[in-house]
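These notes are about the structure you will find just below.
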Amino acid sequence: MHKPSQTPYLRDMVWFIPACIATCFGGIALLAQGAKGAEVSQTLSFVVATVALLLALLFRTREPQPPLRRGRFWLTLLVAVVLGLGSASTWWFVIHSPDLRVTDDVTVLDGQSMEDGAQAAVEIPGRPPGRENLSITFTLVNARSTGNCVVPATLEVRLLADDRWSNPPAIAHSGEEIRLPLSRVKDRAGVQVDLRVPDGSCLLHLKVSEAVLYN
């Protein structure tokens, strides 16, 4: 009687190992799209759910078959995991540059008690900055205990790259993320923020709640 050359488990490994590697790279690719905690959480959920699905398919109920040697099975599974994690980690830490959180490294100049038309400045760390893009989020705080000043206020944000201003400015409200390209910066970069608020009696403090350099 002809004996099958491969057991079902070995046939499953043909797709299982590449699927594990692809899952790891898929998770890394999602991480590369942004630098936010929510994105990291979604990435981890994606990896865990996909691996669980792959394992469920691998160990699904089937007709009795000749047993696979346990040592060979676990060795194959270990190789798949090591290849997936090793390849993805090498790409993430060697080829791709991880995001740099620089929130604590930036300082807002002239950001206290700002009124309509006031300007503030932020210097981006690094000469040049270590990544090609900047994600920055500004927060406005009312300097007085009363008054509706934060919600209607808008921020006009310009990038200063090697003494050249970006045009037109990016428009944002308090708490909104702004993304600025830094790929053309050769030396230093900074950000100028112009405050626009309808009520001329408003006084607002400007703070940086998050700043991330990323590729």
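Just a few scattered comments:
- For the range 126-136, Karplus couplings with θ = phi - 60° (6.51, -1.76, 1.60), whole Hz, Gly/Pro x: x, 10, x, x, x, 9, 8, 9, 10, 10, 9
- Under 10 Å, Cβ to Cβ, from V197 - net charge with Lys/Arg +1 and Asp/Glu -1: -2
- Neighbourhood charge, 10 Å Cβ-Cβ cut-off, centred on N133 and excluding it, Lys, Arg +1 and Asp, Glu -1: 0
- Going by neighbour counts of Cβ atoms within 10 Å, the residues R164, R196 line up, fewest first, as R164, R196.
- For the range 100-214, the Kirkwood hydrodynamic radius comes to 14.2 Å, computed from all pairs of different C-alpha atoms.
- Separation of alpha-carbon centers, the range 122-188 and the range 101-119, rounded to whole Å: 9 Å
Read the figures in this text as sums done on the coordinates, not as results from a lab. Given the structure is predicted, the values throughout are model-derived calculations rather than measurements. When we count neighbours, we look across all protein chains shown, and the Cβ atoms used for this are built from the backbone with ideal geometry, even at glycine.
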